[in-house]
Amino acid sequence: EEYAMTEILDNLPEKIKNFVRLKRDGLILESTLILLEENLQSAKIAYESASGPAQIIVEPDLEPEKIKPKVFVNIMLSIALGTIISSLLLYVSEILSTTLKTVEDLEAFGLSVLAIIPSIGSDKKRKNRAKVNSKDLSRRLIITEDPKSPISEAYRTLRTSIMYSSDKDSKIIMVSSPGPGEGKTTTVCNLAITYANLGKKTLLVDGDLRKPVIRKIFNLNRDLGLTSYIIGENSVDDVIQRTEISNFDIIPSGIVPPNPSEILNSSKMKNMLSDLKQKYDIILIDSPPMIAVTDALVLSNLVDDFLLVCRSGITQKGALDRSIKSLSQIGGKFSGSILNAIDPKTTYGTGYYYNYYQYYYGEK
């Protein structure tokens, strides 16, 4: 034990010398590090403050020339760019459009266009007038309001087209449309009035037993009509109602039944039309839209001519295609089509007709 303690005491001064030496080296290294960091910061400041290699070649003008915008060039470029963009947008909208708009659209489906009916709202004389009810709309348009208007003449053109395109034995004409709200009832009412004005004994039959409106247009008795005759409550003479227009009679729909298709497809309906052909020169039938129900297809077997009313901007191309296929499946076809509610100011191919007609007849 005494030997071990002596060895420890002998080694103690050497360790103290090593500790002192290492401590001195640490201080030197620390001072060196501080000096190097100061030199690094000085070098960064000198580098950032030094000027770059850029040199001024041309001295700037003290009064530079003012640059004005090229107004004419900018306007022409704007017009050209706007025309191109709007044309592309119109072309894309036409390609993507799903509605019928022009005569060419109807002819693309293989239908012959018998007449083009201008939009009632586009007539100059109706722009500032108050809205009229459905009775005034269908009667005054042809008879008293403006018999020389393009709209009135369009219905006369339709009558003439039917007379020359149909057989002499064709007396029963049905009017329908692919969908609702396309103007079939207004068309068939005005067409019936034109036949009556021609001196032909005309009968209008309301075959729309689901949403009838003809009785409201002409203010008829709603209890007497087609349904009351079919079920045997009244005779044919009882349900025929006279109008104020000469040579013009109407058979309204009567009470709305629960089974319209069965009533229209009955033998009594067929016999009634056969008997009425002996009494009248022309019989017009208003039927429901083809896409909604099958009533029009049922009636198509009982008529001589089948006219389809299509409304510009409303009738869907898919609905028209479906109507044509449905009729062809039962062996029928359309005798002709009518393009309704054309705007003569914005639709190609109809504006010239409107303008020439007004020029020929004048405003009086």
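The values are calculated or read from the model by the stated rules, or taken from the named source; none is laboratory data. Just so it is clear, the model here is predicted, and its values are computed rather than measured. Cβ atoms come from the backbone with ideal geometry, glycine included; neighbour counts cover every protein chain shown. Please note that ligands, DNA and RNA were not included when accessible areas were found on the heavy atoms of the full protein model with its side chains. Shrake-Rupley method; radii C 1.70, N 1.55, O 1.52, S 1.80 Å.
Cα centroid separation, region 167-214 to region 289-303: 14 Å. Accessible surface computed residue by residue for region 260-316, with neighbouring protein chains in place and a 1.4 Å probe, gives 38 Å² per residue. Amide hydrogen proximity for Ser253: with H placed 1.01 Å from N in the peptide plane, the residues at 5 or more positions away or on another chain lying under 5 Å are Asp206, Arg215, Leu226. Sorted on the mean count of surrounding Cβ atoms within 10 Å across their residues, most packed first, peptides 32-40, 221-229 read 221-229, 32-40.
Available extension along the chain between Ser267 and Asn74 is 61.9 nm, counting 0.36 nm per residue and deducting the alpha carbon span. Straightening the chain between Thr83 and Gln316 buys 81.0 nm, computed as 0.36 nm per residue apart minus the Cα-Cα spacing.
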